[in-house]
Amino acid sequence: MSKPKIALYWCSSCGGCEESVVDIAENVLTVRELADIVFWPVALDVKYKDVEAFADNEIAVTLINGSIRMDEQEHMAKLLRRKSQKIIAQGACAHIGGIYGLANLNKKGECLDKAYKEVPSVKNPKGVLPQVKTKDCGRELELPDFHDTVRSLDQVITVDYYIPGCPPNPKYIVEAVLAVLGNKDLPFGYVFAERRSLCHSCHLVDSKPQDSVINKIKRVHEWVWDPEKCFLAQDMICLGPATRGGCEERCIKGNMPCRGCYGPVENVEDQGGKFLSALASIINSNDEKQLKKIAGSFPDIAGFCYRYSLPTSLLKKKVG
Amino acid sequence: MAERVGVYICECGPNIKEAVDVGELTIYAQGLESVVLAKPFNLLCSASGQELLSKDIKEHGLTRVVIAACSPKEHEATFEKVLKNAGLNPFLLQVANIREQCAWTIKDKRAATQKAKAMIKAAVNRVIHHEPLEAKEIDCQTDVLVVGSGVAGLSAALTLAQKNRKVYLVEKLPWIGGQVARYEKVFPTLECASCVTAPVLDEVLHHGHTDLMSNSEVEGLTGFYGNFIVKVRKKARLVDLRACIGCGACFEACPVKVKNEFNENMDERHAIYIPFAGALPAVAAIDRKNCLRFKGQVCEACLKACPFAAINYDEKDQLVELKVGAIVLAVGFDLFDARKAPQYSYGKAENIMTAFEFERMLNSTGPTAGKILMKNKKPPKTIAFIHCVGSRVKKFNEHCSGVCCSYLLKFAHMAKEKLPKATVCEFYSDLCLPGKEAQEFCDKVTGKKGIELLHMSGADSIKITVKNNKAFIQYADVSGKNKNKTVDMVVLAPAMQGVKDSKELAKLFDVSLGKAGFFVEENNQLAPVSTTTKGVFIAGCCAGPKDIPASVAQGQAAAGCILLRLVPGEKLTISPRVAVVDSELCSGCKTCLNLCPFKAITYDEKEKQCVVNEVLCRGCGTCVAACPSAAIKARHFTNKQISAEIKGLLE
Amino acid sequence: MSDFEPKIIGFLCNWCSYEGADSAGKAQREYPANLKVVRVMCSGRVDPQFILKAFKEGADGVLILGCHPGDCHYKEGNYKMLRRFSLLKKMLEQFGIEEERLRLDWVSASESEKFIKIVSDMTAKVRSLGPLSKYE
């Protein structure tokens, strides 16, 4: 009997999720023993038509990373959904939209203009923008269209499980693949991470006093902080309280505050809004003018509240 | 299993019927998902309306009810009872306010109907997510701690004791009665103060349910409403309460003499003493600060002099732990220190005194046996009574103490009775004479010859200096003219303030401290004796300046509040609309800890989690909104319920 | 856009502002029907997620009314709301939500006239701004 099939695909992605697959190191041998990798654009020269040739549900599990912004990505996501029994959204982009999601704070036209016309190092005197169809040398060429907004994977296809993180923790990649191959009974929408937020497993939480308040915001480039003390207790933004744990505090151990890449805790609809609520609630002021001033000192509130999760937030994009 | 929602639209007579299309609303409601029946009714709150509701719940197996009618503030409780009696959990109800917030405010029938539809949809959406809730019951102590034995504390203690509650009355002095025990007469009736208080004091000393701990102080407090644990230090009196009869043989023998603080340092007492004749309990106490034995010297004078072997030098302080359900703070007041206002020259001249000093002077048990005498032992020919010392001025205290005008008039009256030939004048800027009898009392007193009312332009438009051993008073009268007067004796009425250690007491009992050291009540209008700390009540002058009847009333009120809630044999019911932490989601991030003004959230060091005390939680939801993990749930106001409501309003 | 009627969602606290709205009703005073109210026990309960959800579900404006500072029935809930509001308002600018669309104000139980003025003013302002979802 042939081994079950596994596939991996990348959408709008930086390649970091592929690296984390490589980082499973010797575990790849275990996986190799249990299954065949049949499609993996970064590593194998398998064509789209080969994927189309699979029967429906022939692939046991497909890991898709990257967010969706191009026609090609949407097409492949839908194709792989048909061909796979289980789809796992791998990495923050597929899970919650990722950093690319911040592009949703600008209109599509603004993005294209910036990239193709306004960036100082671009030479585009005729102001040419990419088109879906164009004629060149007598032939018609097609390019995948660029969507209005960035979307997470489950906003395009149904997703069975999620491996969060930017990049994801290799241990969860192994766990997820083995779980599916072992037919483990997991609830639909299961997230391979901890249920509680990062503070639970953070080694700095004991240094956080019970009456912690924020007096003003200090940013990472402005000063040298105490590495043995909780960031929030030192007036620094750390999204740990609003972010799922499971990353084994890689950033905290690297003396940097959490930026929220594992996404919100379950039951939280909007990670950025919830974090804003928690942060604001502990600001040490009840004076309207002073609060306005403090709010004004944040250069990009949406940016750090929704760094990874804007497409899956409540508003998803610029609305007005 | 799908919910079975019943929607009832009340016509409220013509109020709703004529403002919205009830028929259209009924059809609309009927068509909503999960709604199994929708009915209009003329007056749902009526007996027949309630009957219909009850019948339908049982007959149609309704699992949720929506009532579109008047404001939930009117009848939500009424309909909750109906649900309960019909066997449905009362929290499975949602009221849509289509009267006060729709029918009565929108003239256009079309627009009103549209809004009512949205409100009904929202209510149906929300009620589906309601959960059955049970009011929790906890065991509670019914014993009560009363701190302070002034008239407020005594009133509270007796009211409670008379309904068979055990009352621990803790008084820091060795004698009870508070300030009123030191007065001679009380206004406006001019009755003798001790005649008024004697029966009360006697009852407290002998009532089977009152456990008087005089010479004692509260040192520690833990726990919460219904279950407080109080640590009390019973300081050693060194005199046996049962053996001593107050004969005074010991004081005469004592070689030590110190200033008698009970007589405002106007005379002296011994290191073993009873502060004034008539102080209760009539048992001596040894002042360890001044007794020679406690300074390392040998002395047994009082022991040898006592005919009843009542002295016990070996008595030690006792630390006791009391379990009580509620606490009444009735610690009284102190006067503003007039030395802080040098314009009055208090402390710089012999015959300028405060109201407390004058009270003791008037009292037959006081330092002058009731005679008004200057320091040179001669009676004064002229006395000035100064109103508003340290009162009604931004610099010291902005408030008016409300009783000084009345007692200064009392002083004027009593001064004239004792010294008919003396001239008495009252320096005032406004007269505060509230109540049924004060104005009449004032007219009576000032109608007498030899009592002058001098109207100043402002509360502190006055300066007193000493000239030739007399008090030289310069003041601006109400027309702005500068005037002066020379008098033999000056009596100052300083502002009433909270007791000197009110800051420490506020911290110990977890009550808020307001201006001038007074404790803050829960609500200025409707909850004057409770505080935001459930189970801790305030009564009397510690809650704000007031006269004796008002202090008594507050003591009784606090007792009343406690009597009705802490009943022997009954459990304490706690509202279920509180916050609850899901321990599987709480990460111990500590965001919520500092946000609760009722200290209902604590951090469990072992589990590294936050826990909400359901007894202390008031259900405001502030911590719920702040929790970055959405690990805290606000029962009956959950995120799911409110989100569903928002969606319904906008569809 | 002449027939555009803005949808305004209001979060009113049980003790002060909801009571204030009720007293406007008891006095039978007319005010725009555009406001639809969600009752909460305290303005401190208002999670920014509710405000975002309201905008997402179609609200053109969101109004939060609480007790006057210092008068909160639960002592400080309204101050916590003020803190969140300050940050949220700044953030919503980046989402293109004009500042007139989100308002926090204080209304006591006896201030029915103030309540009516706030609702009328806000409805008029949001009407002139147009629907929020005009760029859909």
B:Val82 being free of Cβ contacts under 8 Å to residues at least 40 places away in the same chain, crowded, with 22+ Cβ neighbours inside 10 Å, of a type outside the set (Phe, Trp, Tyr) and away from every other protein chain (no Cβ under 14 Å): yes
Filtered residues of the stretch B:447-478 (kept if out of contact with any strand residue (DSSP E or B) (no Cβ under 9 Å at 6 or more places or on another chain) and small (Gly, Ala, Ser)): B:Gly447
Selection from the stretch B:358-376 of residues that are surrounded by fewer than 19 Cβ atoms within 10 Å (Cβ to Cβ) and touching a strand residue (DSSP E or B) at 6+ places or on another chain (Cβ under 8 Å): B:Met374
For A:Ala242: the one exception among (1) over 27 Å from the mean Cα position of the chain (by Cα); (2) modelled with pLDDT of 95 or more: (1)
Positions within the stretch B:263-278 being surrounded by 23 or more Cβ atoms within 10 Å (Cβ to Cβ) and under 24 Å from B:Glu315 (Cβ atoms), in sequence order: B:His270, B:Ala271, B:Ile272, B:Tyr273, B:Ile274
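With the structure loaded, tell me whether A:Lys229 is surrounded by fewer than 24 Cβ atoms within 10 Å (Cβ to Cβ), in a helix (DSSP H, G or I) and touching a Lys or Arg at 6+ places or on another chain (Cβ under 9 Å) or whether it fails that test.
The answer is no for A:Lys229.
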Search result, residues across the stretch C:73-93 that are facing another protein chain (nearest Cβ under 7 Å) and among the polar types (S, T, N, Q): C:Ser86
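Every residue in the stretch A:231-244 that is over 21 Å from B:Ala630 (Cβ atoms) and either in contact with a Ser or Thr (Cβ under 7 Å, 6 or more places away or on another chain) or facing another protein chain (nearest Cβ under 8 Å) (or both), please.
Taking the stretch A:231-244 first, the residues over 21 Å from B:Ala630 (Cβ atoms) are A:231, A:233-236.
Across the stretch A:231-244, the qualifying residue is only A:Ala233.
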Wholly enclosed strands (runs of 3 or more DSSP E) of the stretch B:151-252 bearing at least 2 residues small (Gly, Ala, Ser) and surrounded by fewer than 22 Cβ atoms within 10 Å (Cβ to Cβ): B:216-224
Helices (runs of 4 or more DSSP H) (entirely within the stretch A:66-165) containing at least 1 residues that are within 26 Å of A:Ala179 (Cα to Cα), more than 17 Å from the chain's Cα centre (by Cα) and not assigned by TED's automatic domain parsing to the domain that holds A:Gly240: A:71-83
Residue that is nearest to the chain's Cα centre (by Cα), among those in the stretch C:99-124 that are within 14 Å of chain A (Cβ to nearest Cβ) and part of a helix (DSSP H, G or I): C:Arg101
Hits in the stretch B:1-33 - residues which are under 50 Å from the mean Cα position of the chain (by Cα) and polar (S, T, N, Q): B:Asn15
Hey, C:Gly96 more than 9 Å from chain A (Cβ to nearest Cβ), surrounded by fewer than 21 Cβ atoms within 10 Å (Cβ to Cβ) and assigned to a loop (DSSP other than H, G, I, E, B) or not: no
B:Ala553, sole failed condition from (1) buried (at least 22 other Cβ atoms within 10 Å of the Cβ); (2) under 30 Å from B:Gln497 (Cβ atoms): (1)
The listed residue being touching a strand residue (DSSP E or B) at 6+ places or on another chain (Cβ under 7 Å), surrounded by 14 or more Cβ atoms within 10 Å (Cβ to Cβ) and within 14 Å of chain C (Cβ to nearest Cβ), out of A:Lys83, A:Lys108: A:Lys108
Out of B:Ile27, B:Ile57, B:Ile16, sole residue that is out of contact with any Leu (no Cβ under 6 Å at 6 or more places or on another chain), crowded, with 20+ Cβ neighbours inside 10 Å and either at positive phi or among the hydrophobic types (A, V, I, L, M, F, W, C) (or both): B:Ile16
In the stretch A:61-78, the residues that are farther than 24 Å from A:Leu34 by Cβ and hydrophobic (A, V, I, L, M, F, W, C): A:Ile68, A:Met70, A:Met76, A:Ala77
Filter result for A:Val265 (under 26 Å from B:Asp582 (Cα atoms), touching a Ser or Thr at 6+ places or on another chain (Cβ under 8 Å) and not assigned by TED's automatic domain parsing to the domain that holds A:Glu175): yes
Residue list for the stretch C:31-48, restricted to those being more than 7 Å from chain B (Cβ to nearest Cβ) and farther than 24 Å from B:Glu74 by Cβ: C:Asn34, C:Pro48
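In this structure, is B:Gly555 modelled with pLDDT of 95 or more and out of contact with any strand residue (DSSP E or B) (no Cβ under 9 Å at 6 or more places or on another chain)?
Numbers: modelled with pLDDT of 95 or more: yes; out of contact with any strand residue (DSSP E or B) (no Cβ under 9 Å at 6 or more places or on another chain): no.
No; evaluated as a whole, the condition is false for this residue.
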Residue ID - surrounded by the most Cβ atoms within 10 Å (Cβ to Cβ), chosen from residues in the stretch A:1-56 that are in contact (Cβ under 8 Å) with a residue 12 or more places away in the chain and of a type in the set (Lys, Arg): A:Lys5
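Residues checked against (1) within 21 Å of B:Asn594 (Cβ to Cβ); (2) part of a helix (DSSP H, G or I); (3) facing chain B (nearest Cβ under 7 Å):
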| site | (1), (2), (3) |
| --- | --- |
| C:Tyr18 | no, yes, no |
| C:Arg29 | no, no, yes |
| C:Ile51 | no, yes, no |
| C:Ala54 | no, yes, yes |
| C:Leu65 | no, no, no |
Those helices (runs of 4 or more DSSP H) lying entirely in the stretch A:252-317 with at least 3 residues of a type outside the set (Lys, Arg), under 17 Å from A:Phe231 (Cα atoms) and facing chain B (nearest Cβ under 10 Å): A:271-281
Residue among B:Lys647, B:Lys608 that alone is in contact with a Ser or Thr (Cβ under 9 Å, 6 or more places away or on another chain) and charged (D, E, K, R): B:Lys608
Looking only at the stretch B:412-443, and only at residues there that are among the polar types (S, T, N, Q) and under 32 Å from the mean Cα position of the chain (by Cα), the one that is surrounded by the fewest Cβ atoms within 10 Å (Cβ to Cβ): B:Gln439
Among the candidates B:Thr142, B:Thr189, B:Thr159, residue that is among the hydroxyl-bearing types (Ser, Thr, Tyr) and over 30 Å from B:Gly402 (Cα atoms): B:Thr142
Subset of the stretch B:618-645 that is more than 10 Å from chain C (Cβ to nearest Cβ) and surrounded by 22 or more Cβ atoms within 10 Å (Cβ to Cβ) - its residue that is farthest from B:Gly588 (Cα to Cα): B:Lys633
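Inside the stretch B:444-537, counting only strands (runs of 3 or more DSSP E) that do not spill past its ends, which hold 1 or more residues that are acidic (Asp, Glu) and more than 14 Å from chain C (Cβ to nearest Cβ)?
Those strands (runs of 3 or more DSSP E) span B:451-455.
The values are calculated or read from the model by the stated rules, or taken from the named source; none is laboratory data. Owing to the predicted nature of the structure, the values given are computational and were not obtained by experimental measurement. Don't worry about glycine lacking a Cβ; one is built from the backbone with ideal geometry, like all the others, and counts go over all protein chains shown.
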